[in-house]
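The values are calculated or read from the model by the stated rules, or taken from the named source; none is laboratory data. Here the structure is a predicted model, which means the values were calculated and not measured. Here Cβ is always computed from backbone atoms with ideal geometry, including for glycine, and neighbour counts include all displayed protein chains. These area figures cover heavy atoms from the full protein model, side chains too; ligands, DNA and RNA do not enter into them. Shrake-Rupley method; radii C 1.70, N 1.55, O 1.52, S 1.80 Å.
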Amino acid sequence: GSLPPAARPDDIAFIQYTSGSTGNPKGVALSHANLLANIRAIGEAVRIGSGDVFVSWLPLYHDMGLISGWLASLYFGNPLVIMSPLAFLARPERWLEALHRYRGTLTAAPNFAFELCLKRLDDERLAGLDLGSVRFMANGAEPVSPDTLLRFAERLAPCGLRPEALAPVYGLAEATVGLLVPAPGAPPRIDRIDRRTFTATRRAQPVIAGEAHALAFACCGRPLPGHQVRIVDETGHEVGERIEGRLEFKGPSATRGYFRNPEETRRLFHGDWLDSGDLAYVADGEFFITGRVKDVVIRGGRNIYPHELEQAIGNLPGVRKGCVAVFGSADPHTGTERLVVLAETRERGDRGRRALAAEIRRTAVDVLGEAPDDVVLAAPHAVLKTSSGKLRRSACRELYERGLLGASPHPVWWQLARLLAATAALRLRRAAGVAGSLGYAAWVWAVFWMLAPLAWLLVVASPGGAAAWRICRVAARLFLALCGSPVSVQGARNLPAPGAPCVLVANHASYVDGIVLAAALPGHHRFVAKQELSGQFIAGSFLRRLGAAFVERFAARQGVDDVDRLCDAVKRGGSLVFFPEGTFTREEGLRPFRLGAFGVAARERVPVVPMAIRGSRSWLRDGHWFPRHGRLSVTIGEPIAPPDAAGFEAAVAMRDAARREILRHCGEPDSGLRISMPDA
């Protein structure tokens, strides 16, 4: 027989059509390399092994069922228990029964499936179920409802389902299937933020638990290994911590474009980054999806997020749960954007329908502080959805605007007045936000170029040592103060007395870290810098006056000599400042620590003082020269004394202890396993 054709990594494996939840479906071309990269990354993030059992009712024509379930199980060699989607829809308990019977450890479903279980299952149907084997139950709908997560965890707790098994995840066809996954073993993180601040300024300001008018979003975790995610504003620059913007991504799972659709492919790419079309913000290195760009309704200068109102209306008696679509609609004559609620109901009487519409308006006022412009009560199945149960708001909007849903608009004069007010407010707010970002960046660089040449001249002309350090510290503090980001220091009492030998270690996240430490540390300290800088006239001259020690990062023989020199410096009663990560990148995460700094401390029997820098990555990120205003802080931990173990074991023990302390305070995730490279 003939042999099958040889497939190359970049050959198209299949064309996956997007769900069409926000527009016309597009064919995403996925290569064999894309598929394998995504499967491997998901397996690493979720820690999938051959001992796992995946239970799925998801259809194999949908990416979550095909790739995450079927193909991933083939790749990792774990059993797959598969059932018909119709079997689940008819009796949702069959999904849970299969998890119980086959001791399932992994499963996944859209958010509506969890809601269907809550709606259909009573105590009698749940009796005898044991879900204690489940360790990762992915909720991959768009969006994930925090209320659903909490209620499902509470409802299934008597069946042995642990809260930490529930995992909100995020993915899209353009990234093959998965992109964001929370770490296994942690309960779902729900972020409650101030509604008014968020809708007006896009800042996700946390509020205390129980706040009546808080917005809640579920944490979808961090990017899959080998993938990068960023949040950008209208200028295309990355935003700071807890600021909403567009989510962009790149990585080995990212598609090269849409099949035979060059126009849409051009819109998809922003340089090397792909536009997800979703809005999100990042907090402590974890991502929170807030909605689709096309789904957000802008009304009177405010951003209104449909899913929250849809959920509240779906809970009303007489409304079919999960069958509510909220969207903005432009009037074809005036261009006015209306807030429209489309809700399915089986109510037929005029009196009952009027009462239900009035209740929907009251609910909207409770949730948003204002009523919708139009409420459309439709028969069952009028709200369009994708094959995976996601709302197709754009398609519902199209039906509405074509008059196929019987909507009745407000008077033209009312719409025109609101249009003028909303447009003016929105344009002013957007213009102010962009101008503010550009203005701050310009101010930072103006201050830098005003201070940097003077500070360089004074340091180079100084006797060096302590005198040069004092000049540098004053310049660093003045620079950050003028930028509106003075450094706050916690734990300064943990620093050894001036002149006492020690090794100081800090995480490295940004170009500005040296300035931050210079502003934060009293006394005279010697930075350990890479050898390449010593040959540069400006940087080398400046660092030599400060007493910096230069080390070779790559030549092993030279590295041994460098360690000897560093040990001699410590013997003479000095303190050395190391960045043990060696370098930094744009993505969040504490990188592995090299052993050089800790080898010096172990050899000379001096303490290691861990220092956690927080906020510098968002302030000025790698690869970008667009500073963002934010808070900068340094937390100085208690000195770590050398243990009684031998040199290498002592170095490893101090490295691990210092890294744990820095990880506690730097506000970033752990980016991977530690390494044991004995270079400086």
- Item | Unique match (being among the small types (Gly, Ala, Ser), under 27 Å from Arg493 (Cα atoms) and within 20 Å of the chain's Cα centre (by Cα)) among Gly573, Gly667, Gly623, Gly596 | Gly667
- How many residues does segment 104-137 hold that are acidic (Asp, Glu), assigned to a helix (DSSP H, G or I) and open to solvent by 60 Å² or more (accessible area, probe 1.4 Å)? 2
- Message: Condition check: farther than 20 Å from Ala597 by Cβ, modelled with pLDDT under 95, open to solvent by less than 10 Å² (accessible area, probe 1.4 Å) and of a type in the set (Gly, Ala, Ser). Does Ala492 satisfy that?
- Response: no
- Message: List the residue pairs whose Cβ atoms are under 6 Å apart, where the first residue sits in segment 23-49 and is more than 21 Å from Asn78 (Cα to Cα), the second is in a helix (DSSP H, G or I), and the two are 6 or more positions apart or on different chains.
- Response: Gly23/Ser394; Lys26/Glu264; Val28/Ala173; Val28/Glu174
- Task: Select from segment 178-193 the residues that are charged (D, E, K, R) and outside any loop (DSSP other than H, G, I, E, B) and write down the one among them that is farthest from the chain's Cα centre (by Cα).
- Result: Arg192
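What helices (runs of 4 or more DSSP H) completely inside segment 58-103 contain at least 3 residues that are at pLDDT below 95 and among the aliphatic types (A, V, I, L, M)? Before the answer, list the steps.
Working: elements: 72-76, 85-90, 93-101.
Qualifying helices (runs of 4 or more DSSP H): 85-90.
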- In segment 138-177, residue nearest to the chain's Cα centre (by Cα) [restricted to those that are part of a loop (DSSP other than H, G, I, E, B) and among the hydrophobic types (A, V, I, L, M, F, W, C)]: Val169
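Please state which one of Arg659, Arg621, Arg614 is open to solvent by 30 Å² or more (accessible area, probe 1.4 Å) and among the basic types (Lys, Arg).
Every option except Arg614 fails the conditions.
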- Working carefully through the options Phe550, Phe542, find the one that is outside any loop (DSSP other than H, G, I, E, B), over 25 Å from the mean Cα position of the chain (by Cα) and either modelled with pLDDT of 90 or more or under 30 Å from Val282 (Cβ atoms) (or both). Phe542
- Note on the structure: Filtering segment 607-648 down to residues that are outside any strand (DSSP E or B) and small (Gly, Ala, Ser) yields Gly615, Ser616, Ser618, Gly623, Gly630, Gly637, Ala641, Ala645, Ala646, Gly647
- Task: Starting from segment 151-166, keep only residues that are closer than 21 Å to Asp122 by Cβ and open to solvent by 60 Å² or more (accessible area, probe 1.4 Å), then list their pairs with residues that are assigned to a helix (DSSP H, G or I) and not polar (S, T, N, Q) whose Cβ atoms are within a distance under 7 Å, requiring at least 6 positions of separation or different chains.
- Result: Arg151/Leu118; Arg155/Leu118
- Task: Check Asp331, Asp366 and return the single one that is modelled with pLDDT under 90 and open to solvent by less than 20 Å² (accessible area, probe 1.4 Å).
- Result: Asp331
- Residue under evaluation Arg664, criteria (1) loosely packed, with under 15 Cβ neighbours inside 10 Å; (2) part of a loop (DSSP other than H, G, I, E, B), criterion not met: (2)
- A careful count of residues in segment 500-538 that are surrounded by fewer than 20 Cβ atoms within 10 Å (Cβ to Cβ), more than 27 Å from Arg603 (Cβ to Cβ) and touching a strand residue (DSSP E or B) at 6+ places or on another chain (Cβ under 6 Å) gives 0
- Task: Six or more apart or on different chains, Cβ under 8 Å: which pairs go from a residue in segment 569-586 that's more than 12 Å from Val503 (Cβ to Cβ) and free of Cβ contacts under 8 Å to residues at least 60 places away in the same chain to one that's in a loop (DSSP other than H, G, I, E, B) and open to solvent by less than 20 Å² (accessible area, probe 1.4 Å)? Could you list them?
- Result: none
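This table checks each residue for (1) free of Cβ contacts under 8 Å to residues at least 24 places away in the same chain; (2) of a type in the set (D, E, K, R); (3) open to solvent by 30 Å² or more (accessible area, probe 1.4 Å).
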| position | (1), (2), (3) |
| --- | --- |
| Pro252 | no, no, yes |
| Phe259 | no, no, yes |
| Arg267 | yes, yes, yes |
| His270 | no, no, yes |
| Ala280 | no, no, no |
| Gly285 | no, no, no |
| Val293 | no, no, yes |
| Leu309 | no, no, no |
| Gly318 | no, no, yes |
